[in-house]
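**Q** The structure that follows is given in the form of structure tokens.
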């Protein structure tokens, strides 16, 4: 399914969650909607799902205007951050719910639920209640429940936000593999740039109810449209009044053209990577630079040294 | 030392105020053996009182359960017009003296009352019949289910309902398959309280009843009537029957009070 | 979802949107209509009935006045005693441990489950004319207080219990380490924490006691000096003067309203403080 969002606005009281948002989602892609919390990304997802009504604007699914179509008729799968598991139903009943509503035949339901439980590795858990599952298992169950009705579009609202780091990492990779198998058009909301960069085909950056930029991850990282996107997608530091990536700064012990003179304040060894912090000669904010351990050795850097910093493609002011 | 003093002081207070008097009713009832009690309870007047109490309960409870669940759901999930007024009207029966409730129904349905005038001119008597008694009972037991259901619905949140909607369920389907099962213990608890109040109501029902023995007395009215007619055996027998029912209700309340909240979903 | 990064876009003109389907208003509409007919209309009828030129004379007539005074006084007395015993009960049920505690805990709710007339009967059997323990208080004002204490027993205990359960014992331990004596700890640390709940419970008990009827009729003996307001209302109806009954009823309603407004204010202030 392809999704078109056209000039969608939404306010809650005097809080403007979305302002004239227009976006296109390509069929078959795994798209991340990335942004800080409160930026409007969940609202965008919920409007696409039909769980929220836009104040103005349109949502088109496969070219059809679905703005006034209720959620239950949109044929989508939705995964909630806090699972929204049906607490009084077993895992099996949870997954079978959508199929029962659709009046699927009993043998078909059995077959389909078994298939899905195998897909999310919950084969042995069919008769458990959600309260008896771990957070990661519950989220996999929620995913199976959403996929059971074979939705043309899968929406995930901060699906891994409530899980701990290790489980989150596992599920993230697993979601990517799953997508490569199933190819359902998928949109997921996250505030974790690493998560977005790692698994999405395209990223839409949303902030203050507006889309800041959208495109493939590497485009956004290398050619950010503005300072916000730049600082949200990776580490940044200020050099000569400009935002640059710490690993883009070139360090030298001798003056070079256009380089900024600075005094080395700190050298922090992080294994393979070494981070140095230097204060510019003219004052101003300390600059952080990412180097490899070898580079630090070659330059024989020590605290108190004078260093010269420049970014090869950024001219000094 | 102080700990024990407090413990026994508190238990002693409970014993004197609660336990000893209730036990005393049991003793008084069976003072002269079992057969007078059986005779008293199987008398025409006692049976009629029990039947009337049951009739009123059987009508009042379902009405309040259905109203309580639907209004509770509307309050928790939808926008209500004038929510403060709705809340005030729901809580009013708890704040009012049952006698004032009875008086209110009396005034409204009396021959000169706003509704009574119309009913009397059409030959539909309500006041001094079981109908007025039922209306008074519905009034006093109105808040129990709503007040149990609303906090549990709020605790539950609407995420499960949204999940059901996205999976294709209509509002009714999602209500009966997802919401109602999730709040069932709160409904049961509220229903138990409603039954207790409906069976036991005295003041509100008394004012709108014609108080004719063997015809328009509920079990609590019958207890009072028998005391006034110096027939303590019948009064204590009926009282004990009500007390036993209350003990069963208490067991139900204890069993469900801890289960009525939403199972933690973390 | 809205947290620190609240975006506030300055005023954009509001666009027209279709009104929500009328269907969505049917449920709430029916609910409000039902409530108005069942609860609102009768209450309005009583108020209208009381709005009679005899209102003031009914309420200030000497007997009625003394009855109202006694009603308020005895209800207040019951609420104050409840506050003390209720806190003690809650304390014992939360902090103490003894065999049969769960049964005692369940028993607290008995007055909620027991029909009020049976509560009266129960008290009459032990503290009435044929009392086996030789305590006959029937027909005295003490009997009325007893009946009110019986029916209002659960209010304070049930309000204070959950608060005591959530109270951090560390604070008490810390105070004890600082040399505070048990009474000081109770007065300085525990009492302030449970005071709002105690007040709430006592106000509910007071409101309930003000309008109590069933538990009182049997044991008060229908004597002029033991009568409380609801009994006078009842007699006025029996005697065919509903205007007078309605006038007293409206006074009771007014008092209940004040209590509940006060309670709402108290809860709001408390919620704001702990918000």
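**Q** Taking chain B as a Gaussian network, Cα atoms linked when under 10 Å apart, which of B:91, B:211, B:228 shows the biggest mean-square fluctuation?
**A** Fluctuation is largest for B:228.
**Q** Moving on to the next point. Given the options A:27, A:286, A:159, which has the most mean-square fluctuation in a GNM of chain A, springs set between C-alpha atoms less than 10 angstrom apart?
**A** So, out of A:27, A:286, A:159, the one fluctuating most is A:286.
**Q** What list do you get for A:232, C:112 if you sort them by fewest beta carbons within 10 Å?
**A** Lowest count first: C:112, A:232.
**Q** Per DSSP H run of n ≥ 4, the term is -39500 (n - 2.57); total these for chain A, divide by its residue number, and report the mean residue ellipticity at 222 nm rounded to 500 deg cm²/dmol.
**A** Details: 9 runs with 93 residues, N = 317.
Here the helix-only value at 222 nm equals -8500 deg cm²/dmol.
**Q** Work out how much length residue A:194 to residue A:176 would gain on full extension: take 0.36 nm times their residue separation and subtract the Cα-Cα distance, in nm to one decimal.
**A** Full extension of this stretch gives 5.1 nm more.
**Q** Most fluctuating residue of B:177, B:197, B:226 in a GNM of chain B with Cα springs under 10 Å: which is it?
**A** Largest GNM mean-square fluctuation: B:177.
**Q** Next question, about the same structure. For the residues C:273, A:210, what sequence is obtained by ranking on other C-beta atoms within 10 Å, fewest first?
**A** Details: C:273 8, A:210 17.
So the ranking, lowest neighbour count to highest, is C:273, A:210.
**Q** Would you mind classifying chain B by shape? Square roots of the alpha carbon gyration tensor eigenvalues, ordered a ≥ b ≥ c; an a/c under 1.5 is rounded, otherwise it is prolate if a/b is larger than b/c and oblate if not.
**A** The shape class here is oblate.
**Q** Is the shape of chain C best called rounded, prolate or oblate, per the rule: a/c under 1.5 gives rounded, else a/b larger than b/c gives prolate, else oblate, with a ≥ b ≥ c the square roots of the Cα gyration tensor eigenvalues? Please report the intermediate quantities before stating the final value.
**A** Working: a/c = 2.20, a/b = 1.09, b/c = 2.01.
Oblate, since a/c reaches 1.5 and b/c is not below a/b.
**Q** Next up: Test of understanding: ordering B:230, C:126, C:107 by Cβ neighbours within 10 Å, fewest first, what list do you get?
**A** B:230, C:107, C:126
**Q** Averaging over every viewing direction, what projected area does the convex hull of the Cα atoms of region A:122-183 cover, in nm²?
**A** The number I arrive at for region A:122-183 is 4.6 nm².
**Q** Further question on the same structure: Please work out whether region A:25-136 counts as rounded, prolate or oblate from its C-alpha gyration tensor, where a ≥ b ≥ c are the square roots of the eigenvalues and a/c under 1.5 means rounded, while otherwise a/b larger than b/c means prolate and anything else oblate?
**A** Working: a/c = 2.19, a/b = 1.59, b/c = 1.37.
The shape class here is prolate.
**Q** Quote the FRET efficiency, to the nearest 0.05, computed for residue B:15 versus residue C:264 with a Förster distance R0 of 30 Å and r equal to the Cβ-Cβ distance.
**A** It comes to 0.25.
**Q** Continuing with this model, one more query. If a paramagnetic tag sat 7 Å from the Cα of residue A:131 along the Cα-Cβ line, which residues of region B:127-167 would have the backbone N under 15 Å from that point?
**A** Under cut-off, by backbone N: B:156.
**Q** Consider all pairwise Cα distances in the protein assembly as shown and report the whole-number % of them above 54 Å.
**A** Counting every Cα pair in the protein assembly as shown, those more than 54 Å apart make up 33 percent.
**Q** A follow-up question, please. With the crude spin-label approximation of a point 7 Å out along Cα→Cβ, what separation in nm comes out for residue C:243 versus residue A:223?
**A** 9.1 nm
**Q** Pop the C-beta distance of residue C:96 and residue C:177 into the FRET formula with R0 = 22 Å and round what comes out to the nearest 0.05.
**A** 0.45
**Q** Let me ask something additional. So, in nm, how far is label residue A:269 from label residue B:94 when the simple model puts each one 7 Å beyond its Cα toward the Cβ?
**A** Computed distance between label sites residue A:269 and residue B:94 equals 6.8 nm.
**Q** Another question, then. Using only atoms on other chains, find how many Cβ atoms lie within 10 Å of each Cβ of peptide A:91-98 and report the average. Each step should come with its number before you reach the end.
**A** Details: counts 0, 0, 1, 2, 0, 0, 9, 6.
If you average over the peptide's residues, the count of other-chain Cβ atoms is 2.
**Q** While we're on this one: Residues of region A:43-71 with amide nitrogen under 15 Å from the 7 Å Cα-to-Cβ point of residue C:26?
**A** No residue passes the distance filter.
**Q** In degrees between 0 and 90, to the nearest 10, how far off the longest principal axis of chain A does helix A:91-101 point, with axes built from Cα atoms?
**A** Relative to chain A, helix A:91-101 is tipped by roughly 60 degrees.
**Q** Calculate the FRET efficiency for residue C:195 and residue B:112 from the Cβ-Cβ distance with a Förster distance of 60 Å, rounded to the nearest 0.05.
**A** Given R0 = 60 Å and the Cβ-Cβ separation, E is 0.80.
**Q** Let me ask another. Using only atoms on other chains, find how many Cβ atoms lie within 10 Å of each Cβ of peptide B:79-85 and report the average. Don't skip to the answer; put the middle values down first.
**A** On the way: counts 4, 5, 5, 2, 2, 1, 4.
For peptide B:79-85, the averaged partner shielding equals 3.
**Q** Multiply the residue gap between residue B:184 and residue B:55 by 0.36 nm, knock off their C-alpha separation, and tell me the result in nm, one decimal place.
**A** Details: separation 129, 0.36 × 129 = 46.44 nm, distance 2.47 nm.
Extra length from residue B:184 to residue B:55 when fully extended: 44.0 nm.
Throughout, read-outs are computed from the coordinates displayed, never taken from laboratory work. Everything quoted here is computed from the prediction, not taken from an experiment. Using ideal geometry, Cβ is built from the backbone for each residue, glycine included, and neighbour counts are taken over all protein chains shown.
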